[in-house]
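Take a look at the structure set out below.
Every number in this text was worked out from the coordinates using simple rules, so none of it is lab data. Here the structure is a predicted model, which means the values were calculated and not measured. Cβ placement follows ideal geometry from the backbone for every residue including glycine, while neighbour counts extend to all protein chains displayed.
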There are 2 protein chains.
Amino acid sequence: MLFHHCTIVGLGLLGGSLALDLRRLLPEMTITGVAHREETVTLAKALRHEGTPVFTDATCDITVVRDADLVILCTPVQTILAQMAQITPYLAPGTVVTDVGSTKRTIMNAATALPTGVFFIGGHPMAGSDRAGLTHARTGLFANATWAFCIPPGAEAVAQRLTALVELLGARPLLIDPETHDDLVAMTSHLPHVAAAALTNLVLGSAHGDAVLPFIAGGYRDCTRIAAANPAMWRDILLTNRDRVLVALGGLLDELELWRDAIRSGDAPHLEALLTTAHDRREKLNK
Amino acid sequence: MLFHHCTIVGLGLLGGSLALDLRRLLPEMTITGVAHREETVTLAKALRHEGTPVFTDATCDITVVRDADLVILCTPVQTILAQMAQITPYLAPGTVVTDVGSTKRTIMNAATALPTGVFFIGGHPMAGSDRAGLTHARTGLFANATWAFCIPPGAEAVAQRLTALVELLGARPLLIDPETHDDLVAMTSHLPHVAAAALTNLVLGSAHGDAVLPFIAGGYRDCTRIAAANPAMWRDILLTNRDRVLVALGGLLDELELWRDAIRSGDAPHLEALLTTAHDRREKLNK
């Protein structure tokens, strides 16, 4: 077996879905769940996959990481940073620690403080949902998803065990440096979140009040769906990737000014050209 | 029967879906389809619902409106305006003409030029998709959708036959003046389209090239889906609602500046408050 005892810290959508998939694929694995709240521990203890308990045990006590050979931190980024310091005294030599946080520079910097003999590999599965919490966890969440990994020098060999594990889950491991990762996700994930949230606050908080509601259709719903995601998680993401998010947001403001000029000028061929570019680029993603 | 002979001009997603629903619900109705291209006429002639031809006849000759008691214009807004002038000489007294265009002021203004005895009622079903064309037409597209109607003075009685017809299709008729309509859809439909298209052109046209692709997940896809819709249709919508779209777009630019300030300042409680407002407002739409 790649790992014998996996401790998942943070039992939300990602932590819960990860546990479900591990239990499904590796019935022999010991899986310990760690949650902040007692209610979540109770839910976790009751969670079953085809009749079998998903978690071997669940607890609020994070020191149980001492028994694990794999620790996966599935909490918001600032909490991951705090937990990395918190678990340090308990980690046995040879333990592999990873995370699922959406920004990687801050986390990889913090990882340099971990003791020698503990291997930290930064992780980021490109999977998720606007539906948070253990109750929305499901098997197969990571199928075909990119799972980015940041591997510090010296951790290459253990990283192979981790990439093999996520391949087992159907994910596609992708090795990347933290800077490039944070650059790319600022564009593809963090910026869309800000745009969706801004569009939500503007339209659903407008002076028109509830008069807008009958005019909300699939387009607006799709466009703003991610705005319903966990606010604390997104606060941490935006603030630990602040510089890159600001670059991406500046890019969007410039792009929208370009559209404003085209609409204001009434230049139909120019506007149609912008719309056609968007159509063609977006259509390619559907293929 | 509410109407005996319906002529649908423009056989795309909306015109085609409308024909399918009418045939399903009113097997006795004569339904004539008018398309610009011969290929579409051929497709229309072959279209069946449970074995029965959907269109009684299909043609490129728009003068067939002379035989209809209901004409529904399902083309892009500028084409609707041109066709309103074009069909005028052929409309029999008592004919009801309506449209499905996404802006209503320009169209209602143009309708004042129609001859006495012809009733023009502006329509706008809040249904659609990024998938255009007759091949994507389906029954049930209008179920539970708001169908806005702008009714000029004197057309109230005939309008009741039209609202009854769309209720038969499962839609929810909503009577509204053209100004308020254009105001509201600028916010709920036209602005999201511009935002989605801008986000598409920025991210998929960035200097990162194809490196962004593995980092594109459900959030970005949802957020930009509508950008794949018909460019000519959207050119007409944005330009015939230019002033209101510019107001909405100005609102979004201001809102995004607010987010930029919050991110730049690193003020975590303020940023979390913005995200929580978005979360709570968007969550209400899911209920």
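Tabulated data for the structure shown
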| item | result |
| --- | --- |
| Helix B:191-204 vs. chain B, principal-axis angle (Cα, 0 to 90°, nearest 10) | 60 degrees |
| Neighbour-limited loop hits for trypsin sites (Lys or Arg not before Pro), the range B:81-166 (at most 11 other Cβ within 10 Å; DSSP other than H, G, I, E, B) | none |
| Principal-axis tilt of helix B:77-87 within chain B, Cα atoms, nearest 10 degrees | 10 degrees |
| Fraction of alpha-carbon pairs over 36 Å apart in chain A - percent | 23 percent |
| The range B:80-152 versus the range A:225-253: alpha-carbon centroid distance in Å | 41 Å |
| Cβ-derived FRET efficiency at R0 45 Å, A:L253 paired with B:D57, nearest 0.05 | 0.30 |
| Within chain A, longest stretch clear of exposed GluC sites (Glu not before Pro) (DSSP loop, no more than 10 other Cβ within 10 Å) | A:51-287 |
| Enclosed volume per residue, in Å³, of the convex hull spanned by Cα atoms of the protein assembly as shown | 160 Å³ |
| Residue of B:D177, B:D67, B:D210 that the Gaussian network model of chain B assigns the largest fluctuation, springs spanning Cα pairs under 10 Å | B:D210 |
| Sum of -39500 (n - 2.57) over DSSP H runs of 4+, divided by residues of chain B (222 nm, nearest 500) | -14500 deg cm²/dmol |
| Rounded to the nearest 20 debye, dipole of the protein assembly as shown from Cβ charges on Lys, Arg, Asp, Glu | 760 debye |
| 10 Å-binned pair-distance histogram of the range B:5-176 (Cα, whole percent) | 11, 43, 39, 8, 0 |
| Trypsin sites (Lys or Arg not before Pro) within the range B:1-67: DSSP coil, no more than 15 neighbouring Cβ in 10 Å | B:R37 |
| Pairwise label distance in nanometres, B:L285 with B:A46, each label 7 Å out on the Cα-Cβ vector | 3.8 nm |
| Shielding by other protein chains, B:236-247, mean Cβ within 10 Å | 3 |
| A:L11 long-range amide H proximity, modeled H, under 5 Å | A:H36 |
| Span per principal axis, largest first, for the Cα atoms of the range A:181-285 (Å) | 42, 37, 25 |
| Under-5 Å amide H pairs with A:H4, H placed in peptide plane, nonlocal only | A:D69 |
| Degrees, to the nearest 10: A:231-240 long Cα axis against longest axis of chain A | 90 degrees |
| q = 0.18, 0.24, 0.31, 0.33 Å⁻¹, the range B:15-63: log10 I(q)/I(0) [Debye, one scatterer per Cα] | -0.48, -0.82, -1.23, -1.33 |
| Among A:C150, A:C223, A:C74, residue whose mean-square fluctuation peaks in a GNM of chain A (springs only between Cα atoms under 10 Å) | A:C223 |
| Tensor-based shape of the range B:86-205 (alpha-carbon gyration tensor, a/c under 1.5 rounded, otherwise prolate or oblate) | prolate |
| Position A:K45, label points 7 Å along Cα→Cβ, spacing to each other copy in nm (shortest first, one decimal) | 7.3 |
| Listed residues B:Q160, B:T40, B:N241: farthest to the positive end of the dipole of chain B (Cβ charges) | B:T40 |
| Modelled FRET efficiency - R0 56 Å, A:L174 with B:E28, Cβ distances, 0.05 increments | 0.40 |
| Computed E for A:N109/A:E39 - FRET, C-beta separation, R0 51 angstrom, nearest 0.05 | 0.95 |
